[in-house]
1. How many residues, within the range 272-295, are at pLDDT 90 or above and over 22 Å from the mean Cα position of the chain (by Cα)?
2. Has the range 78-96 got at least one residue that is within 16 Å of the ligand (Cβ to nearest atom) and surrounded by fewer than 18 Cβ atoms within 10 Å (Cβ to Cβ)?
3. Six or more apart or on different chains, Cβ atoms under 9 Å: show the pairs whose first residue is in the range 69-80 and free of Cβ contacts under 8 Å to residues at least 40 places away in the same chain and whose second is more than 12 Å from the ligand (Cβ to nearest atom) and among the hydroxyl-bearing types (Ser, Thr, Tyr).
4. Evaluate the range 225-236: report whether one residue or more is more than 26 Å from Thr46 (Cα to Cα) and within 21 Å of the chain's Cα centre (by Cα).
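The values are calculated or read from the model by the stated rules, or taken from the named source; none is laboratory data. What you see is a predicted model; the values in this text were computed from it and never measured. Cβ placement follows ideal geometry from the backbone for every residue including glycine, while neighbour counts extend to all protein chains displayed.
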Amino acid sequence: MKIEIADKSGYCFGIENAMKMVQDTIASGQKKIYSLGPISHNTQETCRLADQGIVIIDDDEVEKIETGCIILRSHGVGKKIIETINKKGLLIINATCPFVRAVQKKVETHYREGFQIVIVGNKEHPEVIGANGWCDDKALIINDINQLENIERYDRICIVAQTTIIEFKFNAICEAIRSRVNEVVIFNTICSATAERQAAAAKTAKVVEYMIVIGGYHSSNTQKLVDICKSHCEKTCHIETIRDLDLAEVSKYQKIGITAGASTPDWIVKEVLEGMEEQNKIAEENVVVEVAAEE
Ligand code: F3S
């Protein structure tokens with residue numbers, strides 16, 4: 001049996017960086033560690049961190065915390081929350097992804113210069129809520145080209161993107177604003193990690209007989225990978241952990257592909273590989289694991 005792992009799969013740079021900061025904080029012996037929202041959207045990883053003492057809190061619970069440290073996850077938070085934490089004298093572990101921080105800085109600078117900020121993204125996404133918090137929550141949050149009613153009343157607009165938004169939607173909204181507003185500055189702040197993971201999953205799914213997508217059942221980026229893989233490999237399955245994998249079914253195929261959602265930790269992927277190796281030992285077959293070559 002040959003297993004091919006998509007070359008870009010699992011944690012993106014931002015989540016990996018945040019996880020490292022979390023592990024370092026735990027290892028430092030720090031007592032009372034809080035996280036503003038879950039650091040990873042993976043149920044198993046959230047449970048593992050809870051076992052290590054990480055307590056998840058909401059933004060409005062910050063006021064109640066008296067001692068310890070607060071981790072800002074990769075999505076980032078608004079300026080006021082950071083000010084509140086500082087005022088309380090709590091330690092901040094700022095694990096905001098540098099790409100998200102770049103969006104916040106653009107929002108803050110251009111807002112100060114008098115631009116109306118437009119964030120192309122989902123108003124409920126924590127990254128967008130956080131970015132809006134760098135312009136006093138005054139941004140227009142646009143997720144659809146039909147939400148541009150009366151946009152011409154603004155003279156100067158600065159547009160940024162939620163890092164995970166689809167590029168053609170961003171471009172279409174930017175063009176529509178540009179044609180109706182006097183002065184428009186545009187920053188395409190879309191992060192390439194999502195598109196790269198999707199392209200790598202498609203590349204692997206095209207050349208295997210059976211494709212395994214590992215990630216949370218409620219993770220939208222994992223679901224997108226499932227849809228992409230299914231369009232190239234009819235035998236695609238979506239699992240959260242090794243316990244969900246039908247090993248007897250997998251063993252019918254010789255060439256298996258694996259990819260994982262952006263919030264799936266390596267240890268879950270490793271468990272799946274070990275489970276498959278174990279199954280093949282029983283079947284007395286060799287397992288060759290390869291990471292697909294980057295283009
Ligand atoms: Fe950062 Fe891009 Fe991941 S913005 S959190 S590296 S998807």
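1. Start the filter on the range 272-295 by keeping residues that are at pLDDT 90 or above, which leaves 272-276.
Keeping just the survivors that are over 22 Å from the mean Cα position of the chain (by Cα) gives 273-276.
The number of residues fulfilling the criteria is 4.
2. Restricting attention to the range 78-96, the residues satisfying the condition of being within 16 Å of the ligand (Cβ to nearest atom) are 93-96.
Restricting the remaining residues to those that are surrounded by fewer than 18 Cβ atoms within 10 Å (Cβ to Cβ) gives 94.
Within the range 78-96, one or more residues are within 16 Å of the ligand (Cβ to nearest atom) and surrounded by fewer than 18 Cβ atoms within 10 Å (Cβ to Cβ).
3. As it stands, the answer is Ile70/Tyr34; Ile70/Ser35; Leu72/Ser35, since those pairs meet every condition given.
4. Yes; the residues of the range 225-236 include at least one that is more than 26 Å from Thr46 (Cα to Cα) and within 21 Å of the chain's Cα centre (by Cα).
Let's see how each residue does on (1) assigned by TED's automatic domain parsing to the domain that holds Ala260; (2) not aliphatic (A, V, I, L, M):
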| site | (1), (2) |
| --- | --- |
| Ala6 | yes, no |
| Met19 | no, no |
| Ile26 | no, no |
| Val55 | no, no |
| Gly68 | no, yes |
| Ile71 | no, no |
| Thr84 | no, yes |
| Leu90 | no, no |
